[in-house]
Amino acid sequence: MAESSSLLRRLYLSLYNWALFIGWFQVLYLALKTLNESGPQHVYSAVQRPLLIAQSAAGLEILHGLVGLVRSPITATLPQISSRLFLIWGILWSFAETQSHALVSSLVISWSITEIIRYSFYGMKEALGSQPSWLQWLRYSTFLLLYPIGISSEVGLIYLALPYIKNSEKYCIRMPNAWNFSFDYFYFSIICLVIYVPGSPHMYQYMLGQRKKVLSKSKSKSKGD
C-alpha cells in the first residue's frame, strides 16, 4: 500500500512539474519572440494566457507543502507564490496601464528562465530519481542574477501601478456597508511593497544557504566517488 502511494505521488509530481515546465517554456518563447519582433510594449499581451495559467497553477505548491507531498518549507513557498499571484492578478491583469512597460519583459524572462530550470530539475528528480550535475548547478546558481532582476521588476511594477490604483479605487470597500468594514487597495499595495524591503533579503539569504548546503554536499559526494 505504501509502495503504491509512493508511486502515485511520484507520478503526480512528475506530471505536475513537466506540465509547468512546458507552460513556462511557452512563456519564455513568446516573450523573446515578441520582444524581438514587436518590442517590449507587446510582451504582456503575447504571454498573458500562459503566464496566468502557469503561475496560478504554481499555487498548488502551497497545498503540496501543507499535505506533505514535498519537503519544501511552507514558510518559503507561501510568500513567494503569494507575491507572484498578487503581481500577475492584482497588478498586471487588473491595471492595463502597467502592461506595456519594459519591466514586464524583465519580469517575465527572469521568472520563466528560473521556472524552466526549477521544474525540469524536480521533474527529472521525480521521474528518474536523479538529475544531472549541471542542472543542479543551474538550479542553485542562476538565482544569483535572476532573483534580483525579478524582484526589482516586481517592485517597479507595483510602484508604477500605485497612481492607477489610487485613481480607480478598484477593489476598495468603503463604509458604510452591511459588514461595517472598509478596505483600501491602494494602502494594501503599499503594505505589500514595504514587505519586499525585509522579505527580499531574507529570501535571498535563504536561497544562498540552500545553494551552499546542496552544492557542498554534491561536491563531497563527487570526491567520495
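The values are calculated or read from the model by the stated rules, or taken from the named source; none is laboratory data. Keep in mind it's a predicted model, so treat the numbers as computed, not measured. Counting neighbours? That spans all protein chains shown, and the Cβs are built from the backbone with ideal geometry, glycine included.
Some observations on this one:
- The condition of being at pLDDT 95 or above, in a helix (DSSP H, G or I), more than 22 Å from the chain's Cα centre (by Cα) and aliphatic (A, V, I, L, M) holds for only one of I116, I190, I165, I158, that being I165.
- Just one of the listed residues (L15, L30, L52) is in contact (Cβ under 8 Å) with a residue 40 or more places away in the chain and surrounded by 13 or more Cβ atoms within 10 Å (Cβ to Cβ), namely L52.
- The set of residues in segment 60-70 that are in contact with a Leu (Cβ under 9 Å, 6 or more places away or on another chain) and either exposed (fewer than 13 other Cβ atoms within 10 Å of the Cβ) or at positive phi (or both) contains only L63.
- Candidates Q136, Q131 - the one that is of a type outside the set (S, T, Y), closer than 28 Å to W24 by Cα and part of a loop (DSSP other than H, G, I, E, B): Q131
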